[in-house]
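Contents: one structure, followed by commentary.
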Amino acid sequence: MGRTLQNTMINLGLQNACDEAVYQLGLDIEELEEIEEDAGLGNGGLGRLAACFLDSMATLGLAAYGYGIRYEYGIFNQKIRDGWQVEEADDWLRHGNPWEKARPEYMLPVHFYGRVEHSAAGTKWVDTQVVLALPYDTPVPGYMNNTVNTMRLWSARAPNDFNLRDFNVGDYIQAVLDRNLAENISRVLYPNDNFFEGKELRLKQEYFVVAATLQDIIRRFKASKFGSMESVRTVFDSFPDQVAIQLNDTHPAMAIPELMRIFVDIEKLPWSKAWDITKRTFAYTNHTVLPEALERWPVDLVEKLLPRHLQIIYEINQRHLDHIASLFPDDVERLRRMSLIEEGGTKRINMAHLCIVGSHAVNGVAKIHSEIVKTEVFKDFAELEPDKFQNKTNGITPRRWLLLCNPGLAELIAEKIGEDYVRDLSQLAKLHEFVDDDLFIREVAKVKQENKVKFALYLEKEYEVKINPSSMFDVHVKRIHEYKRQLMNCLHIITMYNRIKRDPVKLFVPRTVIIGGKAAPGYHMAKMIIKLINAVAHVVNNDPAVGSKLKVIFLENYRVSLAEKVIPATDLSEQISTAGTEASGTGNMKFMLNGALTIGTMDGANVEMAEEAGEENLFIFGMRVEDVAELDKDGYDAQQYYERLPELKQAVDQIQSGFFSPNEPELFKDVVNMLFHHDRFKVFADYEAYVKCQEKVSELYLNSKAWTKMVIRNIAAAGKFSSDRTIKEYARDIWQVEPSDLKIPPPNEPREGAEDRTPNGTAARA
């Protein structure tokens, strides 16, 4: 979520008033804003997307709730020591959190372990351990519409009789200390992005948020006029008309068997009725195609922790497979592929399959990704129910990612086309009229330059490095992962360095290369990549022959509040994942909106950015999805590129020989070995095209006016990538609710008839 203060002031239209009031008190609002901790309750794009969606849902007047876990410790703070990443605990609640309000009156029990009893009266889950879920509510204000939604985060609490009601009469002290075991559930965020780690505590977290949330939703449904008790049989008939639940990846997939358990075991609905309601309630968003990221929980772990849920999953699977078998008799291979249970070795539950079978809609997050989902990853399911599969291209909130972080540019745009674009970003297209306006061109360049100077000062203060604000700011910020190919950027840096050394008097367009992002603590290769970047930076930044032509900076502890500083100052945005691996990306959109040009592959939303702006207004290079498939078919041979490309060979040899690690020549042998022998993401295959494309970037940067005109064309084409547009599509195509741009009356005005203005139905995102 990042910081809340400035976002709240902007959405309430109070920023100028607050600035002035604080100034009158002899304080600086910016200094105050810098004191607030980021709420870092997610890992990367998926978590930030949820935050943008909350802003858009409130702005569009949807009655929506964001549900999650109130982690005591969020994503770790990253320190760089001697070039290595070191993790520190993110004690973000140390000074309290003024934006949250605990709601103990809505505390709910969540059950674990135990056993299942079948009897004539029905099925019961008994002898369980109970953990209490305490909700904390954070307001989510819409933009200038007097709407405030709620983000409800659950915190784990041990019941007061925890470990005291059973036979250990003796050790009272130990029993109280053991309360920590229950409360550990909401202690810490697992720091993996695009990687599945099948730990018991993680599964507990996933079920904890799901069980508390579903109870909360059902309580609210029963209390509303729609849940009135006309006849016991039909109480839940209107449930899918009143409630929509969007599953943000498979992490809340246990909601499907949990809702079935509530309907069948507790509310005594017949299975087929319960299943119909469940399917119509859930929809699933897929966020990745990387196999190592797909959740596959071991059956024995689920059996121990959630025995009733395993039985329900088996029943769902049996009926699912019976249906497939009736359509494809004797196709046992298809049954194996489509089963929710993977046999062979340890039996596992494929959570994505559970989500597809238990939802009425499945979507990817960019056109190219949704195609891959349909034709490759979940091909069998899409053939069975083609209408279930949709695309919803991601977006970003223009409130945080333009108004808040780049007020200079936001104001400049408002002067030209008015202020309405903030709620309707498609209006940015009107800027096309000014692409040849010399004054506007100069003003856009001036705002960028001011942002660069400001960021350069920040870097000087934080990193004690002097950087040249007229150099091209070439920025690559995102989680560190092999598929995102920070290594390819690193090879380009080494290549630029070697060119400067080879011909020191030749014209070289000065660059400041900024790379930032966190590596999962257990991801060895990602940590080696960070060390390599810092080792290269050390050599480059201390070579007098290079001077101010090339500087390399690794941005420590990349997070939302740092993104808000670096993105407005960026000239070149690096979006260079191997085609077919980045589901969408959203950083790409933030850079585009803030006047950076993109160098990128035809991957994720880059494809649609090129479609909107014209491919000639992005620096597109490298293999397409088809080329990658072709290479896989023929077999990727890294050695061949190494031998054919002298500059690539030189760079790799330098890494291998210890040129960048003279005290430990073997330091990067794992990295080099990976590049040659098991590089799934084919860095060498795109190296040549990447370097050539970077030459075109440098050439254009020399012509400031032509560069800025291309920037304006990009900003004018960024309208599609508002999360407001994304949410309107979810609302209409999946949730069946109508967004409203009605501004409800402020609380000091009478509200007769205000209820008629509220759209029916509730959308909840878990």
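The values are calculated or read from the model by the stated rules, or taken from the named source; none is laboratory data. Just so it is clear, the structure is predicted and the values come from calculations on it, not from any experiment. As a convention, Cβ positions derive from the backbone with ideal geometry for all residues, glycine included, and neighbour counts pool all protein chains shown. Keep in mind that these areas ignore ligands, DNA and RNA; they rest on the heavy atoms of the full protein, side chains included. Shrake-Rupley method; radii C 1.70, N 1.55, O 1.52, S 1.80 Å.
Here is the list for the range 388-460: GluC sites (Glu not before Pro) lying in DSSP coil, each with at most 16 other C-beta atoms within 10 angstrom of its C-beta, are Glu419. Remark: the range 509-518, residue by residue, has Karplus-estimated 3J(HN,Hα) of 6, x, 10, 10, 8, 10, 10, x, x, 9 Hz, where x stands for each Gly or Pro and the curve is 6.51 cos²θ - 1.76 cosθ + 1.60 at θ = phi - 60°. For the range 554-574, backbone nitrogen atoms closer than 15 Å to the point 7 Å from Leu93 Cα along Cα-to-C-beta are found at no residue. I need the Debye-formula profile for the range 1-132: one equal scatterer per C-alpha, no solvent, reported as log10 I(q)/I(0) at q = 0.10, 0.18, 0.19 1/Å, two decimals. Results for the range 1-132 at q = 0.10, 0.18, 0.19 Å⁻¹ read -0.57, -1.22, -1.27.
Near the amide H of Tyr284, within less than 5 Å, lie the amide hydrogens of Leu247, Ala361, Val362, Asn363, all on another chain or at least 5 residues away, with H placed in the peptide plane.
Here the mean projected area of the convex hull built on the C-alpha positions of the range 379-435 is 6.2 nm². Between Val148 and Arg187, the contour length at 0.36 nm per residue exceeds the alpha carbon distance by 11.2 nm.
Please label the shape of the range 407-507 as rounded, prolate or oblate, based on the square roots a ≥ b ≥ c of the eigenvalues of the alpha-carbon gyration tensor (a/c under 1.5 means rounded; beyond that, a/b larger than b/c means prolate, else oblate). Prolate, since a/c reaches 1.5 and a/b exceeds b/c. Express in whole angstrom the spacing between the alpha-carbon centres of the range 668-701 and the range 428-479. Between the Cα centre of the range 668-701 and that of the range 428-479, the gap is 26 Å. Calculated over the range 580-660, the projected area of the Cα convex hull averaged across directions stands at 7.5 nm². Would you mind computing, in nm to one decimal, how far apart the modelled labels at Lys446 and Lys696 are, each placed 7 Å from Cα along Cα→Cβ? So the two model labels end up 3.2 nm from each other.
Quick check: from the Cα gyration tensor, does the range 467-714 come out rounded (a/c under 1.5), prolate or oblate? It comes out rounded by the Cα gyration axes.
If you keep only loop residues by DSSP, which trypsin sites (Lys or Arg not before Pro) in the range 270-357 have at most 16 other Cβ atoms within 10 Å of their Cβ?
Those that pass, being in a loop and sparsely packed, are Lys347.
Near the amide H of Phe473, within less than 5 Å, lie the amide hydrogens of Thr512, Asp571, Leu572, all on another chain or at least 5 residues away, with H placed in the peptide plane. For the range 587-597, the Karplus equation 6.51 cos²θ - 1.76 cosθ + 1.60, evaluated at θ = phi - 60°, returns couplings of x, 3, 6, 4, 5, 4, 5, 9, x, 9, 9 Hz by residue, with Gly and Pro reported as x.
With the charge dipole of the chain set up from +1 on Lys and Arg Cβ and -1 on Asp and Glu Cβ about the Cα centre, the Cα lying farthest toward the positive end among the listed residues Ile715, Pro329, Phe619 is that of Pro329.
For the range 143-187, the share of alpha carbon pairs falling in successive 10 Å distance bins from zero is 23, 34, 17, 12, 9, 5 percent. Charged neighbours of Leu550, selected by a Cβ distance under 11 Å, balance to +3 (K, R count +1; D, E count -1). Accessible surface for Asp436 stands near 100 Å², nearest 10, in the context of the full protein assembly shown (1.4 Å probe). Packing around the peptides 8-17, 118-127, taken as the average count of other Cβ atoms within 10 Å per residue, puts them in this order, highest first: 8-17, 118-127. Counting charges near Glu30 (Lys, Arg +1; Asp, Glu -1) among other residues having Cβ under 14 Å from its Cβ returns a value of -4.
Over 18 Å between Cα atoms: which of Lys448/Lys565; Lys466/Lys709; Lys484/Lys549; Lys527/Lys669 fall into that group? Pairs exceeding the cut-off: Lys466/Lys709; Lys484/Lys549. Peptides 359-366, 630-637, 187-194 ranked from most to least packed, by the mean per-residue count of other Cβ atoms within 10 Å: 359-366, 187-194, 630-637. In terms of the mean number of neighbouring beta-carbon atoms within 10 Å, the peptides 610-623, 24-37 order highest first as 610-623, 24-37. A convex hull fitted to the Cα coordinates of the chain yields 190 cubic angstrom per residue.
Contact order for the chain, expressed relative to its length and based on alpha carbon pairs under 8 Å spaced 6+ residues apart, stands at 16 percent. Applying the Karplus relation 6.51 cos²θ - 1.76 cosθ + 1.60 with θ = phi - 60° to the range 100-111 yields 3J(HN,Hα) values of 9, 10, 5, 10, x, 5, 10, 4, 9, x, 10, 9 Hz, where x marks Gly and Pro. Counting Lys and Arg as +1 and Asp and Glu as -1, what is the net charge of the other residues whose Cβ lies under 10 Å from the Cβ of Asp90? Charge balance in the 10 Å sphere: -4. Diagonalising the gyration tensor over the Cα atoms of the range 526-595 and scaling each eigenvalue by 5 before taking the square root yields semi-axes of 25, 17, 13 Å, largest first.
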